[in-house]
Amino acid sequence: MHQRPPPATSADDAVSTASAVAARPRWSRPAAFALALVAASAGPALGQSRSDDDLRDPLRRQTLRTAAPKPGAARTATGSPLRGSLDTRRAEPLPEPAPTTPVDPLATTDPLVDADPAALEPIGRPASAPRTPTTSRADGRTPATDAALPSAPRPMVLDAAAGRRGPVEAITRAGMVKGGPTLPEAAVQPRPRDILADKRDEAEIENDDYAQLGLRTGGFTWLPAVEASAGWTSNVATRTGGASGTVYGIAPELLGRSGWSRHSLEFELRGAYLGNSTDHDYDKLTFRTGLRGRVDLGDETTVDIKGGWSRDRQSSSSADNPANTVVPATVDTKSLSLGLTRDVGLLALTLRGDLDRTDYSGGTTSSGTSLGSEIQNNTRHTAALRAAWGSKSSIRPFAELQASKRDYDDALVAGSPRDTTGAAIKLGVLADLGPKLRGELSTGWGLERMDKGTLPDISGWLIDGSLVWSPTRLTSVKLDARTSFDATTLANSPGAVTRTLAIGVDHALRPQLVASAGVALTDKRYVGANLREDTWSLSSGLTYKIDRNVRTFVKGSFSRFTSSGGGSDYDAATVMVGVRLQR
């Protein structure tokens with residue numbers, strides 16, 4: 001009886017066995033050739049079985065990775081490659097590879113080996129496929145073996161924080177899989193909540209051939225610009241009986257915003273000088289500065305900081321000024337706000353403190369005497385608590401409670417003490433729907449009660465907020481609303497309730513041609529004096545964008561001031577043509 005040849009354990013062993021058997025004299029060539037075909041076809045299946053056994057042993061798997069010959073490298077003892085038909089001539093079996101020093105799998109830094117097997121899921125394996133237990137590591141974890149060899153499927157891992165599924169190599173590079181290399185700490189810190197909206201805004205700017213790009217220095221983007229214009233107005237003094245004349249203006253501005261991965265900081269600096277050729281006493285200088293910052297203490301806690309300083313001029317027809325006023329007083333307003341927000345799930349709580357300082361200065365009468373508006377200087381302190389409900393990036397209703405205290409520099413204003421203690425309640429909505437709708441709008445009721453004296457309380461309904469709505473990429477609608485309790489020098493009035501509502505629309509007729517229109521209404525009512533002042537205005541304009549840096553425009557406006565006291569009404573119409581340079 002002939003001796004049975006040993007079973008083939010791989011494709012290379014099968015070929016070697018077939019060659020050796022064919023060389024024995026007891027076997028005929030046809031039989032040897034048939035046995036070789038059977039061995040060649042059964043070799044891969046047996047080799048795969050051997051590979052599966054090897055994968056269950058981490059030590060042998062590492063040895064195979066370093067010592068296994070490359071596919072297609074099998075040769076006969078004579079050196080001729082095995083291609084096409086088999087060489088059935090007598091050949092010696094191939095020598096075994098030289099033994100190599102095994103590498104300790106516990107010391108490897110391969111992220112595919114050290115990755116948590118619970119986070120790996122090879123492509124093509126059913127979710128219900130059982131996993132084969134492997135030898136436990138020293139740290140109590142089970143090494144992943146399915147991705148050891150290059151022929152194994154690329155493992156995938158689910159990144160729950162980012163909501164994506166991808167190759168384990170990419171996730172490991174970001175430090176998301178235990179045992180993989182980790183980037184610096186700043187790379188995995190929480191991102192601002194509005195980072196997606198910022199990316200959309202940047203994409204829109206890059207796609208707009210006429211958008212202002214600005215200058216980038218370090219982590220900031222600066223947007224400088226200046227407007228120069230000239231035109232005509234029907235009322236230079238903006239008062240009853242005012243003369244017409246030519247006017248000219250210059251308005252520089254500088255905006256800045258940070259591009260940090262955490263926190264944010266924005267600057268605003270705007271100024272305007274409006275002169276005329278009739279009487280330089282009516283030249284008008286205004287400016288506005290602002291700062292807005294956010295400090296991210298974590299994913300759910302932020303600190304908001306706001307500050308501002310603005311200067312404007314009162315209307316000479318205001319009841320706060322004497323009838324013979326020539327130049328009205330200048331009003332300086334300084335503000336500072338600090339808030340802490342804790343946003344957890346559907347509930348966001350904000351605790352905020354505001355400080356507002358108002359200073360009056362200048363102003364003369366027809367006799368050259370001062371108006372004495374400085375007696376209205378005051379400081380107002382406000383504490384507010386707001387609770388908002390709803391998910392982020394949506395429309396969230398909120399409720400806000402306020403407590404305030406107003407102190408005047410002078411103990412008596414027009415013979416009466418005017419220090420007050422106030423409170424307010426507001427209900428509103430917060431909108432964060434990207435470029436479609438942003439901002440907030442609220443309404444409620446406010447009260448300021450005199451600490452001393454017999455003057456009546458100041459109270460009234462409130463409307464505050466600012467919303468920007470873009471129904472299409474070509475159209476933008478902006479709504480601004482504000483309610484304030486203002487000081488006054490009237491002897492029988494503690495102050496005035498002033499409400500302002502403005503709506504503006506911009507529409508792009510063509511990519512380089514934008515038309516604009518707006519309407520604004522200001523209603524000022526003096527408490528205890530039965531006196532009301534209304535100012536309403538219409539505006540329109542057309543802007544032609546030559547390129548990113550140069551624009552030309554024409555603007556027109558008409559305003560009307562009326563007072564229930566009579567004798568101070570006036571109209572003013574203005575047309576201006578100019579150019580805007582920006583970078």
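FYI, it's all coordinate maths here, none of it is from the lab. No experiment lies behind these values; they were computed from the predicted model shown. Positions of Cβ are backbone-derived with ideal geometry, glycine not excepted, and every protein chain shown enters the neighbour counts.
Per-structure values
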quantity	calculated
Peptide ranges 383-396, 230-243 listed from the most packed, as the mean C-beta count within 10 angstrom indicates	230-243, 383-396
Order by protection proxy (mean Cβ within 10 Å, highest first), peptides 574-581, 489-496	489-496, 574-581
Unsatisfied cross-links (Cα-Cα over 25 Å) in the set LYS284/LYS306; LYS306/LYS524; LYS426/LYS555; LYS306/LYS426; LYS284/LYS555	LYS284/LYS306; LYS306/LYS524; LYS426/LYS555
Amide H within-cut-off set for VAL247, under 5 Å, with H built and near neighbours excluded	GLY231, TRP232, THR233
Amide H contacts of LEU531 (H built 1.01 Å from N, under 5 Å, at least 5 apart or other chain)	TYR526
Fewest-first sequence of SER315, SER537, SER366 by Cβ atoms within 10 Å of each Cβ	SER366, SER537, SER315
Sorted by Cβ neighbour density within 10 Å, fewest at the top, the residues SER367, SER466	SER367, SER466
Local electrostatic count at SER310 - Lys and Arg +1, Asp and Glu -1, tallied over other residues with Cβ under 12 Å	+1
Separation of alpha-carbon centers, region 241-293 and region 471-540, rounded to whole Å	18 Å
Simple Cβ-charge dipole of region 195-582, Lys/Arg +1 and Asp/Glu -1, about Cα centre, in debye nearest 20	620 debye
Formal net charge of residues neighbouring GLY219 (Cβ-Cβ distance under 12 Å; K, R +1; D, E -1)	+3
³J(HN,Hα), Karplus 6.51/-1.76/1.60, whole Hz, each residue of region 233-240, x for Gly, Pro	9, 7, 8, 5, 7, 6, 8, 4
Shape call, region 257-385: gyration tensor on alpha carbons, a/c limit 1.5	prolate
Unit Cα scatterers, Debye sum, region 195-582: log10 I(q)/I(0) for q = 0.07, 0.10, 0.13 Å⁻¹	-0.37, -0.78, -1.33
Counted charge near PRO471, where neighbours are those whose Cβ lies closer than 15 Å (Asp, Glu -1; Lys, Arg +1)	+3
Region 225-232 - phi-based ³J(HN,Hα) in whole Hz, Karplus 6.51/-1.76/1.60, Gly and Pro as x	7, 8, 10, 10, 8, 8, x, 9
Rounded, prolate or oblate (a/c below 1.5 giving rounded, otherwise prolate when a/b exceeds b/c) for region 447-497 by Cα gyration tensor	prolate
Using θ = phi - 60° and Karplus 6.51 cos²θ - 1.76 cosθ + 1.60, couplings along region 540-554 (whole Hz; Gly, Pro as x)	7, x, 9, 10, 10, 8, 6, 7, 5, 10, 10, 9, 10, 8, 9
